[in-house]
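Here's the structure, in structure tokens; my notes come after.
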Amino acid sequence: MKTLIKNGTVVTASDIYRGDILIEDEKVSAIGTSLALEADRTIEASDKYVLPGGIDVHTHLDMPFGGSTSADDFESGTIAAAHGGTTSIVDFAIQYKGQTLRQGWEAWMKKAEGKAAIDYGFHLIITDLPEKLEPEMDAMVREGVTSFKLFMAYRGVLMLDDGSIFRALLKAGENGGTICMHAENGDVIDVLVRRALAKGNTAPKYHALTRPPRAEAEATHRAICLAEIARVPIYIVHLSAAEALEKVAEARDRGLPAYAETCPQYLFLSYANYEEPGFDGAKYVMSPPLREKGNEEKLWRGLAGNDLQAVSTDHCPFCMKEQKELGRTDFSKIPNGAPGIETRMHLMHDGGVRTGRISLNRFVELTSTSPAKIFGLFPKKGTIAPGSDADVVVFDPEKKHTLSAKTHHMKVDYNPYEGREVTGAVETVLSRGKVIIENGKFTGKAGSGQFLKRKPRT
Ligand SMILES: [Zn+2]
């Protein structure tokens, strides 16, 4: 099967050129100008961008949290991702207390099997690391689960103590794994939450007011210090606060391999959203919370200047009805998370590229190339080059559309960007050479996504 994408503007992290791309079966096989080749199918892409498929390295599909489960499973979530121009995800498998690491991973493999419509890998969340389980981290790396997420918050549920975190870092130093950190000081937050509730402060906005930016900055700094002592890289997930970014920038200025991602919600929304009428603030209850206006300008600068290396979504949708509602009288019972897997590329193009905050190349780098490199997927994923998987997005930079729960494909009853008009739209999406989105319609198949066995750091 040969597919030819003709006359597009091909954009990678480093180049922009007018060209044709020949795809044979699942791979890009040739790139050139005016390729006079026979193909089974030709896609005309004049006046369109031809981009490497988006890679979202932070999603939570089918994830239990606080008595509820995130509303998208691997089928609806990956189809929504495809609509938004994302062709690979790295989701999080959870090892619960008392389980082996393999049990955690296998449970999530089952959730994805037969359902995922795009390729998927897993980070493993370690919630319990007795010394006897340490060698299993090596085994996971050999299976292609080459990154581990640890929590410095949610004591009694997900949080690890500093000693366990340090041992995991040391182990990753031996096996080439990467440690991803949820950096918030959980113990301080727990005290603030109990005090707020005791005073009768139960509204959604208190979720944000009990998770101060300093608690994120402190944990970010601590995580970086622990990694420095262990002499390993560290990747901070969903960085939200300018104060935390300062800690990453400081470390990078000293030459440390400190990396961090942020998410569109921290760039396009703010604390003000918690003040929306009634219980609507619950839509934005996520951790870390949305920050005061002004933080986003520093995050944009961090993205442009490479103190932040990736934009992921932390997609973890809960419906207002029956899910977010669990916390109507107590903000601490609102399931943490918001939808975003479908809107990332559109928002970053409209609010980042079109406003001049980041270049078109940087847009590709932040949403695809750099996450692929950090998490062991490059050059199979993350670029358009001969031999790479033919994960390709044909993107119309001038087409306008409106983000809305009425039209999105995520299985959740609200959209945090409801009514926002964006310029630029995903038109055609190929996943390993197969067209899975055509004129805004899903033409792929649930279950055709493959598990991504990722490479360790070298
Ligand atoms: Zn998350």
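The values are calculated or read from the model by the stated rules, or taken from the named source; none is laboratory data. Just so you know, these numbers come straight off a predicted model, no measurement behind them. Because the Cβ atoms are built from the backbone with ideal geometry, glycine has one as well, and the counts that use them run over all protein chains shown. Surface accessibility is based on the protein's heavy atoms, side chains included, excluding ligands, DNA and RNA. Shrake-Rupley method; radii C 1.70, N 1.55, O 1.52, S 1.80 Å.
Just checking, which of A71, A80 is within 16 Å of the ligand (Cβ to nearest atom) and crowded, with 17+ Cβ neighbours inside 10 Å? Give the steps one after another, and end with the answer.
On the way: A80 fails: within 16 Å of the ligand (Cβ to nearest atom).
The conditions single out A71.
Quick one: how many residues across the range 44-54 are open to solvent by 20 Å² or more (accessible area, probe 1.4 Å) and part of a strand (DSSP E or B)? Explain how you work it out, then say what you get.
Quick first cut of the range 44-54, residues open to solvent by 20 Å² or more (accessible area, probe 1.4 Å) only: 44, 46-49.
From what is left, the residues that are part of a strand (DSSP E or B) are 44, 49.
Count: 2.
Give the residue that is least open to solvent (accessible area, probe 1.4 Å), with candidates limited to residues of the range 333-348 that are away from the ligand (no atom under 16 Å from the Cβ) and either more than 20 Å from T59 (Cα to Cα) or in contact with a His (Cβ under 7 Å, 6 or more places away or on another chain) (or both). I'd like the intermediate steps shown before the answer.
Taking the range 333-348 and keeping what is away from the ligand (no atom under 16 Å from the Cβ), we get 333, 342-343, 345-348.
Imposing the further condition that a residue be either more than 20 Å from T59 (Cα to Cα) or in contact with a His (Cβ under 7 Å, 6 or more places away or on another chain) (or both) reduces the set to 333, 342.
Numbers: K333: 119, E342: 17 Å².
Among those that are away from the ligand (no atom under 16 Å from the Cβ) and either more than 20 Å from T59 (Cα to Cα) or in contact with a His (Cβ under 7 Å, 6 or more places away or on another chain) (or both), it is E342.
Residues that are more than 16 Å from the ligand (Cβ to nearest atom), surrounded by 21 or more Cβ atoms within 10 Å (Cβ to Cβ) and polar (S, T, N, Q) within the range 87-128 comprise T87, S88, listed in sequence order. Of the residues making up the range 360-383, just one is outside any helix (DSSP H, G or I), within 16 Å of V10 (Cβ to Cβ), in contact (Cβ under 8 Å) with a residue 12 or more places away in the chain and open to solvent by 10 Å² or more (accessible area, probe 1.4 Å), namely T383.
Would you be able to say whether some residue in the range 154-162 is in contact with a Leu (Cβ under 8 Å, 6 or more places away or on another chain), aromatic (F, W, Y) and either under 25 Å from Y259 (Cβ atoms) or surrounded by 24 or more Cβ atoms within 10 Å (Cβ to Cβ) (or both)? It would help to see each step written out before you state the result.
At the first step, the residues of the range 154-162 found to be in contact with a Leu (Cβ under 8 Å, 6 or more places away or on another chain) are 160, 162.
Next, from what is left, pick out any that are aromatic (F, W, Y): none.
No, that holds for no residue.
Among the residues of the range 163-175, how many are in contact with a helix residue (DSSP H, G or I) (Cβ under 8 Å, 6 or more places away or on another chain) and either open to solvent by 10 Å² or more (accessible area, probe 1.4 Å) or within 16 Å of the ligand (Cβ to nearest atom) (or both)? Give the derivation first.
So the first thing to find is which residues in the range 163-175 are in contact with a helix residue (DSSP H, G or I) (Cβ under 8 Å, 6 or more places away or on another chain), and the list is 165-175.
From what's left, either open to solvent by 10 Å² or more (accessible area, probe 1.4 Å) or within 16 Å of the ligand (Cβ to nearest atom) (or both): 166-167, 170-171, 173-175.
Result for the range 163-175: 7.
Which ones in the range 395-413 are within 17 Å of D350 (Cβ to Cβ) and either in contact with a Ser or Thr (Cβ under 6 Å, 6 or more places away or on another chain) or among the hydrophobic types (A, V, I, L, M, F, W, C) (or both)? Write out each step before concluding.
Pass one, the range 395-413, residues within 17 Å of D350 (Cβ to Cβ): 395-404, 407-408.
Of everything in the range 395-413, those that are within 17 Å of D350 (Cβ to Cβ) and either in contact with a Ser or Thr (Cβ under 6 Å, 6 or more places away or on another chain) or among the hydrophobic types (A, V, I, L, M, F, W, C) (or both) turn out to be F395, K400, L403.
Of the residues that make up the range 55-62, is at least one of a type in the set (D, E, K, R), under 20 Å from the mean Cα position of the chain (by Cα), within 16 Å of the ligand (Cβ to nearest atom) and surrounded by fewer than 24 Cβ atoms within 10 Å (Cβ to Cβ)? Among the residues of the range 55-62, at least one is of a type in the set (D, E, K, R), under 20 Å from the mean Cα position of the chain (by Cα), within 16 Å of the ligand (Cβ to nearest atom) and surrounded by fewer than 24 Cβ atoms within 10 Å (Cβ to Cβ), which makes the answer yes.
So that you can scan it fast, the table gives a plain yes or no per residue for (1) in a loop (DSSP other than H, G, I, E, B); (2) open to solvent by less than 20 Å² (accessible area, probe 1.4 Å); (3) of a type outside the set (D, E):
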position: V393; (1), (2), (3): no, yes, yes
position: A405; (1), (2), (3): yes, no, yes
position: D413; (1), (2), (3): yes, no, no
position: Y417; (1), (2), (3): yes, yes, yes
position: K445; (1), (2), (3): yes, no, yes
position: G449; (1), (2), (3): yes, yes, yes
position: K453; (1), (2), (3): yes, no, yes
position: T458; (1), (2), (3): yes, no, yes
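For the residues A13, A36, the requirement of being open to solvent by 40 Å² or more (accessible area, probe 1.4 Å), over 30 Å from Y154 (Cα atoms), part of a loop (DSSP other than H, G, I, E, B) and not hydroxyl-bearing (S, T, Y) singles out A36.
Quickly run through the range 200-218 and pick out the residues that are crowded, with 19+ Cβ neighbours inside 10 Å and among the small types (G, A, S). Those that are crowded, with 19+ Cβ neighbours inside 10 Å and among the small types (G, A, S): A203, A208, A215, A217.
In the range 419-443, the residue that is nearest to G77 (Cα to Cα) out of those that are surrounded by fewer than 15 Cβ atoms within 10 Å (Cβ to Cβ) and of a type in the set (D, E, K, R) is K441.
Going by what's in this entry, would H207 be described as within 16 Å of the ligand (Cβ to nearest atom), within 28 Å of T329 (Cα to Cα) and not in a loop (DSSP other than H, G, I, E, B)? I'd like the intermediate steps shown before the answer.
Details: within 16 Å of the ligand (Cβ to nearest atom): yes; within 28 Å of T329 (Cα to Cα): yes; not in a loop (DSSP other than H, G, I, E, B): yes.
Spelling it out, H207 is indeed within 16 Å of the ligand (Cβ to nearest atom), within 28 Å of T329 (Cα to Cα) and not in a loop (DSSP other than H, G, I, E, B).
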